[in-house]
Amino acid sequence: MPAVVIVGAQWGDEGKGKATDLLGDRIDYVVKFNGGNNAGHTVVIGDETYALHLLPSGILTPGVTPVIGNGVVVDLDVLAEELDGLEARGLDVSKLMVSSHAHVVTLYHRTLDKVTERFLGKRQIGTTGRGIGPTYADKINRVGIRIQDLFDEGILRQKVEGALEQKNHLLVKVYNRRAIEVDEVVTELLAHRERLAPMVADTSLELNKALDRGDTVLFEGGQATMLDVDHGTYPFVTSSNATSGGAATGAGVAPWRLTSIVGIIKAYTTRVGSGPFPTELDDASGDWLRDRGHEFGTTTGRPRRTGWFDAPIARYATRVNGITDYVLTKLDVLTGLEEIPVCVGYEVDGKKVDDVPWSQSDFHHATPIYESFPGWSENIEGAREFSDLPQAAQDYVTRLEDLMGQRVSVIGVGPSRDAVIVRHDLLPSS
Ligand code: GDP
Ligand code: IMO
Ligand code: MG
């Protein structure tokens, strides 16, 4: 039974939201398995543009059951706002299920995220400031608050007290901030309890039952391979597993259930926040890509850093995720370039390497080795078959397939829902 994982293959914002939406009406469940409202997915449906953060993009398709898995960290204020926003636009959000095991982002997590970043100064990660790192840190440190704790007020208060005892020392003595009151946090959380109650579920049980019935489940990853806490450019990463393995742990399904792993990759590269980025362009070409691709963050509005396609990163993503199909997005953005440089390997200390170096210090000063491909000038937004693309665009895609070591099954040629070329169906028939 199809259980499809969608993962970002670069540093995020590859177009995962659009890819999920593309499969929308053929899936029964869509599960967000990692991250929180640090994600930002823009989905364009007809004249309507939706910006989603915490909710999985599948919520935009009627009939789909959206699920927030145990691997997600949930800011309840944001959840309420997003649900209100979608309801106001006429969407039915009543089917949403939220894992009882998911952790909750509170006021002190958001505060700590911001003050620690400020404290790091030049060494800052450039986080989204949404409290994501501190919430995952508490989870691993076994002092987190889970969704289910809201339904046992005594336990909730006890846990918040325990957490704040530590955190207030830090906030007051180290960061010179005001102490946060237990009541302030408890009241804020309990305010959401009534609305949340019907959504809370054992989502692992529900998803396994759905898979047993033969339903189709899509696992939607936030962030991306190079932002994964284990496999990304640590410490310039997010605090969860954004790679395909995270789908199993973050949703409570066995790895053998997963039938395909779809990697979403842009025809060039972007990154938000700090950290190494070998193909980054600090010149007019970089500005051109940012302008043409509208590369400004959906969550923070920050200009995204831009650069050429990086094949070693794609190969790395193919390997650590086990990618079975790629969706290559934003090919249309490259229209008009005479030549398109692609990074095929790196030079590190005078040596040529094909793979992402295991040493972060080496990766920091890896210089790209480029091959250039002929560009095209024809508008490709209307292309719906691979053969509709100009020969140069077809050759570019074929060359990327060779370099990535996996096929490109879908090509994005514009932001709208239908601006895609489907070469192979992403939903394997059962
Ligand atoms: P996500 O975080 O991976 O879901 O990606 P974002 O939504 O943050 O950023 C991707 C942006 O690219 C969105 O604004 C999409 O509407 C847009 N987009 C997606 N696919 C294409 C495409 O093929 N061409 C163009 N021009 N825009 C696209
Ligand atoms: P989507 O799902 C791009 C980046 C931040 C920062 C680092 C850590 O839209 O692809 P965090 O707030 O997670 O602790 O920040 O990760 N980051 C993203 N960059 N797209 C995202 O999500 C991101 N989520 C986090 O910019 O560098
Ligand atoms: Mg995004």
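The values are calculated or read from the model by the stated rules, or taken from the named source; none is laboratory data. Computed from a prediction, not measured in an experiment: that's the story for all the values here. A quick note on method: Cβ atoms are made from the backbone with ideal geometry, for glycine too, and the neighbour counts reach across all protein chains shown. Just so you know, the surface numbers come from the protein's heavy atoms only, side chains and all, with ligands and any DNA or RNA stripped out. Shrake-Rupley method; radii C 1.70, N 1.55, O 1.52, S 1.80 Å.
Brief remarks follow.
- A single entry from Thr20, Thr61 fulfils the requirement of being within 16 Å of ligand 2 (Cβ to nearest atom) and β-branched (Val, Ile, Thr): Thr20.
- Test set (1) within 16 Å of ligand 2 (Cβ to nearest atom); (2) within 24 Å of Val420 (Cα to Cα) - Ser274 fails condition number: (2)
- Only residues that are within 16 Å of ligand 1 (Cβ to nearest atom) and under 18 Å from Ser240 (Cα atoms) were counted in region 22-80, giving 16.
- Residue count for region 123-179, restricted to those that are within 16 Å of ligand 1 (Cβ to nearest atom) and in a helix (DSSP H, G or I): 1
- Set Ile147, Ile140: member being within 30 Å of Thr243 (Cβ to Cβ) and surrounded by fewer than 20 Cβ atoms within 10 Å (Cβ to Cβ): Ile140
- Against the criterion of being open to solvent by less than 20 Å² (accessible area, probe 1.4 Å) and either of a type outside the set (D, E, K, R) or part of a strand (DSSP E or B) (or both), Val31 qualifies.
- Taken over region 338-359, the residue count meeting the criterion of being touching a residue at least 24 places away in the same chain (Cβ under 8 Å) and either closer than 19 Å to Ala314 by Cβ or basic (Lys, Arg) (or both) is 11.
- Region 235-251 residues that are on the phi < 0 side of the Ramachandran plot, paired with ones that are aromatic (Phe, Trp, Tyr) and at pLDDT 95 or above (beta carbon under 7 Å, 6 or more apart): Ser239/Tyr136; Ser240/Tyr136; Gly246/Phe33; Ala247/Phe33; Ala247/Phe219; Gly250/Phe33; Ala251/Phe33; Ala251/Phe219
- Those strands (runs of 3 or more DSSP E) lying entirely in region 311-430 with at least 2 residues among the hydroxyl-bearing types (Ser, Thr, Tyr) and buried (at least 19 other Cβ atoms within 10 Å of the Cβ): 325-329
- Subset of region 134-148 (residues that are touching an Asp or Glu at 6+ places or on another chain (Cβ under 6 Å) and over 21 Å from Thr203 (Cα atoms)): Pro134
- Scanning region 180-197 for residues that are open to solvent by 90 Å² or more (accessible area, probe 1.4 Å), in contact with a helix residue (DSSP H, G or I) (Cβ under 9 Å, 6 or more places away or on another chain) and in a helix (DSSP H, G or I) yields a total of 1.
- For Phe277: the one exception among (1) open to solvent by less than 20 Å² (accessible area, probe 1.4 Å); (2) in a loop (DSSP other than H, G, I, E, B); (3) within 15 Å of Val31 (Cα to Cα): (3)
- Filtering region 291-302 to residues that are buried (at least 17 other Cβ atoms within 10 Å of the Cβ) and farther than 22 Å from Gly222 by Cβ leaves only Arg292.
- Scanning region 1-26 for residues that are in a loop (DSSP other than H, G, I, E, B) and open to solvent by less than 10 Å² (accessible area, probe 1.4 Å) turns up Ala9, Gln10, Trp11, Gly12, Glu14.
- Looking at Val200, Val262, just one residue is away from ligand 1 (no atom under 16 Å from the Cβ), within 23 Å of Asn70 (Cβ to Cβ) and either under 21 Å from the mean Cα position of the chain (by Cα) or open to solvent by 20 Å² or more (accessible area, probe 1.4 Å) (or both), and that residue is Val200.
- Some residue of region 271-281 being free of Cβ contacts under 8 Å to residues at least 60 places away in the same chain and farther than 18 Å from Val237 by Cα: yes
- Sole exception among (1) β-branched (Val, Ile, Thr); (2) in contact with an Asp or Glu (Cβ under 7 Å, 6 or more places away or on another chain); (3) in contact (Cβ under 8 Å) with a residue 40 or more places away in the chain for Thr306, by number: (3)
- Residues of region 203-220 that are outside any helix (DSSP H, G or I) and within 12 Å of Thr65 (Cβ to Cβ): Asp215, Thr216, Val217, Leu218.
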